[in-house]
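Here the structure is laid out as structure tokens; the discussion comes afterwards.
Derivation of every value follows stated rules applied to the coordinates shown; laboratory data play no part. Bear in mind that the values here come from a model prediction, so they are computed numbers and not experimental data. Don't worry about glycine lacking a Cβ; one is built from the backbone with ideal geometry, like all the others, and counts go over all protein chains shown.
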Amino acid sequence: MTQLATFVDVWPLVIIEAPEQSTVESIEFFCERQGELFKRRERFATVHDMTRMKSILDARARKVMGDWTKEHEHEIKRWHVASASVCDSALIRGVITAVHWFVKPPSPQLVTASMRTGVDFVIDRLRDEGIPIPTKLTDYQRSVA
């Protein structure tokens, strides 16, 4: 996998799988896909599965992501309930956490090494917002280690 993959099978939770190394092109593709999610006009949460990642984004890719986030901040605040970034690498988790210290994300974020912790976090935020949790999402939550 060379692109970020987006899965909406357990909506209102979106699972985003990152490749080993993201490129500017893969970040641009990801941003386009996020824009499509906003067009649904439904609130949702995301889990970013970054367990395959071997390195952080380069400066150019980080700029593309940062610029897109600034440009779509209103939509993110309106439609995006929360996000969890799941990453095995303590270094990458640390970098993400540090970035969040300097640039406050527009929606609640969790950085964790545990997929279960990440899924539980975003489902709890969905519930806090009164968003119904479908059976298929509850089943997915139970299946996550």
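Could you give the longest part of the chain that holds none of the GluC sites (Glu not before Pro) found in DSSP loops with at most 16 neighbouring Cβ atoms within 10 Å?
Answer - 43-128.
What are the ³J(HN,Hα) couplings of region 5-15, residue after residue, when phi is run through the Karplus curve with 6.51, -1.76, 1.60 and θ = phi - 60°? Round to Hz, x for glycine and proline.
10, 10, 10, 10, 4, 10, 3, x, 9, 10, 9
Tilt of helix 90-102 relative to the longest C-alpha principal axis of the chain, in degrees (0 to 90, nearest 10)?
Helix 90-102 sits roughly 90 degrees off the main axis of the chain.
What list of ³J(HN,Hα) couplings, whole Hz, do you get for region 106-116 from phi and the Karplus terms 6.51, -1.76, 1.60, once you set θ to phi - 60° and write x for glycine and proline?
Taking θ as phi minus 60°, the curve returns x, 9, x, 10, 10, 10, 8, 8, 10, 4, 4 Hz for region 106-116.
Find the lysine pairs in region 5-143 meeting two conditions, Cα atoms under 23 Å apart and a separation of 8 or more places or different chains, and report how many there are.
Count of close lysine pairs: 8.
Return the sequence-ordered ³J(HN,Hα) values of region 130-137 in whole Hz as given by the Karplus equation 6.51 cos²θ - 1.76 cosθ + 1.60 applied to θ = phi - 60°, using x for Gly and Pro.
Ordered by residue, 3J(HN,Hα) equals x, 8, x, 9, x, 4, 5, 6 Hz.
Taking springs between alpha-carbon atoms closer than 10 angstrom, which of Leu37, Leu13, Leu91 fluctuates most in the Gaussian network model of the chain?
Of the options given, Leu91 has the highest mean-square fluctuation.
Please express the shape of the chain as an equivalent ellipsoid: the semi-axes are the square roots of 5 times the eigenvalues of the C-alpha gyration tensor, given largest first in whole angstrom.
Values: eigenvalues 98, 63, 43 Å².
Output for the chain: semi-axes of 22, 18, 15 Å.
If you take the charge dipole of region 5-143 about its Cα centre, with +1 on Lys and Arg Cβ and -1 on Asp and Glu Cβ, which of His100, Thr51, Ser143 is farthest toward its positive end?
Towards the positive end, the residue furthest out is His100.
Out of residues 5 or more away from Ala84 or on other chains, whose amide H comes under 5 Å of its own, with H placed 1.01 Å from N in the peptide plane?
Thr46, Val47, His48, Leu110
What is the set of long-range amide H partners of Arg52 at a cut-off below 5 Å, with H atoms built 1.01 Å from backbone N?
Sorted by chain and number, the residues that satisfy this are Ala18.
For region 5-143, what proportion of DSSP beta bridges, expressed in % and rounded to the nearest 5, is antiparallel? Mind dumping the intermediate values first?
Working: 4 of 18 bridges.
In region 5-143, DSSP labels about 20 percent of beta bridges as antiparallel.
Please identify the trypsin sites (Lys or Arg not before Pro) of region 1-40 that satisfy two criteria: DSSP loop assignment and at most 16 other Cβ atoms within 10 Å. Which are they? Working shown, then result.
On the way: sites: Arg33, Lys39, Arg40; in loops: Lys39, Arg40.
Listed in order of number, the matching sites are Lys39, Arg40.
How far is helix 24-38 tilted, in degrees, relative to the longest principal axis of the Cα atoms in the chain, given as a value from 0 to 90 rounded to the nearest 10?
So the inclination is approximately 30 degrees.
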